[in-house]
Amino acid sequence: MTPHETSLSGAAGLASDWHASLLFVSGSRRDDIRALLSLSEEIHRLSARTHEPAVRQQQLDWWRAEFAQLFGGTPSHPAVKAIQPLVARCSLPNELFTEMLDGLQMEMQVPRFPDFKTLQLYCYRVSGSLHALISEVSTYRERATLKFAHELGIAIRLSEIIENLGHDVRQGRLLLPVEELQAFGVAARELLACEESKNVLRLIEFNLARAETRLRAALALLPSEDRGTQRFGRTLASIHLATLAEIRRDGGRVLSHRLTLTPLRKWWIAVRTGWQA
């Protein structure tokens with residue numbers, strides 16, 4: 001396999017949100033976005049592969065060196081090799097790649113995010129930077145589209161955190177801010193034990209509403225001139241909005257099971273979003 005083919009093999013599985021969001025993106029642009037998504041996926045496997053701090057730090061340092069090679073040498077990882085021509089062609093900035101690693105560094109160094117300000121910075125680094133890169137390769141006319149991409153990335157990550165809450169806490173991973181748990185009278189041990197008390201469900205509803213609000217606010221920032229080229233981000237936002245609505249109809253029980261849309265529902269959302277371009 002070529003480096004580019006290898007980079008695409010891990011991203012956009014049949015039922016994934018990414019796959020549906022890419023369905024109606026044009027060929028070359030779709031391949032560019034897939035390459036960035038695959039790279040992001042590879043980086044985020046750092047969180048899943050090991051819980052040993054020293055090993056994770058060693059892996060993170062390796063990625064930092066690999067990104068240095070991306071901008072001035074010969075990278076070795078297939079996913080990084082795949083985006084090297086893209087970096088040159090689209091003049092992608094080094095700092096956006098570094099931000100993704102800085103976000104993972106935050107997650108490694110801070111056992112619990114103390115407040116929403118810290119969580120928001122984390123979301124920008126791990127997801128806002130990725131969506132800024134995707135907007136760059138998708139092309140845009142208006143500079144305001146970059147603001148849309150930054151805000152969309154934050155909103156997407158906030159959505160993922162609440163959608164995946166049950167899965168994450170079963171892995172001992174809790175990203176909700178300490179101050180918000182305290183505000184709702186929820187102890188971390190309740191979430192880690194997947195207890196669905198009244199206060200826990202109120203906390204979940206608060207996070208559902210915030211994610212929805214941030215997604216809608218991000219979409220409102222997108223200039224009409226760039227709606228066509230930013231179809232991937234618009235579709236992904238619509239899929240998350242639909243998922244959050246279904247979670248609410250299910251009573252917000254994200255601790256007991258992970259609710260996802262069917263591939264057919266995601267496909268229909270992608271079609272509808274394409275019509276609205």
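The values are calculated or read from the model by the stated rules, or taken from the named source; none is laboratory data. Being a predicted model, the structure only gives us computed values, none of them experimental. All Cβ positions, glycine included, derive from the backbone under ideal geometry; neighbour counts span all protein chains shown.
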| task | Find all pairs meeting these conditions: Cβ atoms under 9 angstrom apart; at least six residues apart or on different chains; first residue within the range 103-126 and in a loop (DSSP other than H, G, I, E, B); second residue surrounded by 17 or more Cβ atoms within 10 Å (Cβ to Cβ) and of a type in the set (D, E). | result | F113/E107; D115/E180
| For the range 1-29, what are the residues that are modelled with pLDDT of 90 or more, assigned to a helix (DSSP H, G or I) and crowded, with 19+ Cβ neighbours inside 10 Å? | D17, W18, A20, S21, L22
| field | Inter-residue pairs, beta-carbon under 7 Å, first basic (K, R) and in the range 16-35, second in a helix (DSSP H, G or I), 6+ apart | value | R29/V137; R29/S138; R30/L22; R34/L8; R34/L22
| Inside the range 231-253, can you point out the residues that are among the charged types (D, E, K, R) and under 19 Å from R29 (Cα atoms)? | R231, R234
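Would you mention how many residues in the range 225-234 are among the small types (G, A, S) and either touching a strand residue (DSSP E or B) at 6+ places or on another chain (Cβ under 7 Å) or buried (at least 22 other Cβ atoms within 10 Å of the Cβ) (or both)?
Of the residues in the range 225-234, 1 are among the small types (G, A, S) and either touching a strand residue (DSSP E or B) at 6+ places or on another chain (Cβ under 7 Å) or buried (at least 22 other Cβ atoms within 10 Å of the Cβ) (or both).
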| remark: Flagged in the range 65-82 as touching a residue at least 12 places away in the same chain (Cβ under 8 Å), small (G, A, S) and under 16 Å from T98 (Cα atoms), in numbering order, are A79
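In the range 72-79, is there at least one residue being surrounded by 15 or more Cβ atoms within 10 Å (Cβ to Cβ), closer than 27 Å to L174 by Cβ and over 17 Å from the mean Cα position of the chain (by Cα)?
No, the range 72-79 contains no residue that is surrounded by 15 or more Cβ atoms within 10 Å (Cβ to Cβ), closer than 27 Å to L174 by Cβ and over 17 Å from the mean Cα position of the chain (by Cα).
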| What is the number of the single condition among (1) out of contact with any helix residue (DSSP H, G or I) (no Cβ under 8 Å at 6 or more places or on another chain); (2) assigned to a helix (DSSP H, G or I) that I83 does not meet? | (1)
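Residues checked against (1) surrounded by fewer than 21 Cβ atoms within 10 Å (Cβ to Cβ); (2) touching a residue at least 24 places away in the same chain (Cβ under 8 Å); (3) farther than 19 Å from I269 by Cα:
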site	(1), (2), (3)
A188	yes, yes, yes
L191	no, yes, yes
E196	yes, yes, yes
R202	yes, no, yes
P223	yes, yes, yes
L236	no, yes, no
| said: Can you report the number of residues in the range 144-179 which are in a helix (DSSP H, G or I), among the charged types (D, E, K, R) and surrounded by fewer than 18 Cβ atoms within 10 Å (Cβ to Cβ)? | reply: 3
| said: Among the numbered criteria (1) modelled with pLDDT of 95 or more; (2) touching a Phe, Trp or Tyr at 6+ places or on another chain (Cβ under 8 Å), which one does T145 miss? | reply: (2)
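Name the residues in the range 52-64 that are within 15 Å of L96 (Cα to Cα) and among the hydrophobic types (A, V, I, L, M, F, W, C), would you?
W63, the sole residue that qualifies.
Taking the range 127-143, which residues are assigned to a helix (DSSP H, G or I) and either of a type in the set (S, T, Y) or closer than 15 Å to E99 by Cα (or both)?
Within the range 127-143, S127, G128, S129, L130, H131, A132, L133, I134, S135, S138 qualify.
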| Hey, any hits in the range 210-219 for a residue that's assigned to a loop (DSSP other than H, G, I, E, B), modelled with pLDDT of 95 or more and surrounded by fewer than 14 Cβ atoms within 10 Å (Cβ to Cβ)? | no
